Amino acid sequence: TFAISAVYAVEWGQPHVRFQSYYPIPESVCNITSYDNGTAEYVFLCHDDDFNLDLYSYPDDPRVILLFDECGEICGIRACYIKTDIPKRAESRGVAFNYSYHEKGIYRNHTYWGIDVLCADTLFAS
């Protein structure tokens, strides 16, 4: 079952990502904050030549990757699933894992921070 929602003429404010709670994400590269110890919350990961975007993520954690355009504005999110975590999760719940991400056109294989992942992109439109 899919639920589709539409919001018209509403100012959204700062975007947030949801994982057990809502976490604010920067609207631009200039808004990336640093922690008290001086390390950045998100760090440059690489440049995606296919989309001509810069990718930022938490250090050494490719699960949520922020996509920024050539002007440094956020334009999407790349959700990544660590390949080794997928069958472990099914096993921990005692279920067979017979879903094939490789057969679905939405997922692409990447390696970020030395970790093999399957990714799906959500691009923003304004």
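A short reminder: the numbers here are calculations on the coordinates, not readings from a lab. Just so it is clear, the structure is predicted and the values come from calculations on it, not from any experiment. Cβ sites come from the backbone with ideal geometry, for glycine too, and all protein chains shown count toward neighbours.
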Cβ-derived FRET efficiency at R0 35 Å, residue 52 paired with residue 21, nearest 0.05: 0.60
Please compute the net charge surrounding residue 32, taking Lys and Arg as +1 and Asp and Glu as -1 over other residues with Cβ under 13 Å from its Cβ. -4
Give me the one-decimal nm value for the distance between modelled label points at residue 101 and residue 83, 7 Å along each residue's Cα-to-Cβ direction. 0.9
Within the under-10-Å Cβ sphere about residue 79, not counting residue 79, Lys/Arg +1 and Asp/Glu -1 give a net charge of +1
Give me the percent relative contact order of the stretch 28-88, please, defined on Cα pairs under 8 angstrom at least 6 residues apart. 24
Just to check I understand the Karplus step: with θ = phi - 60° and J = 6.51 cos²θ - 1.76 cosθ + 1.60, what whole-Hz values come out for the stretch 71-80, glycine and proline as x? 8, x, 8, 5, 9, x, 9, 10, 8, 10
Given R₀ = 35 Å, what would the calculated FRET efficiency be for residue 60 paired with residue 93, taking r from the Cβ atoms and rounding to 0.05? 0.85
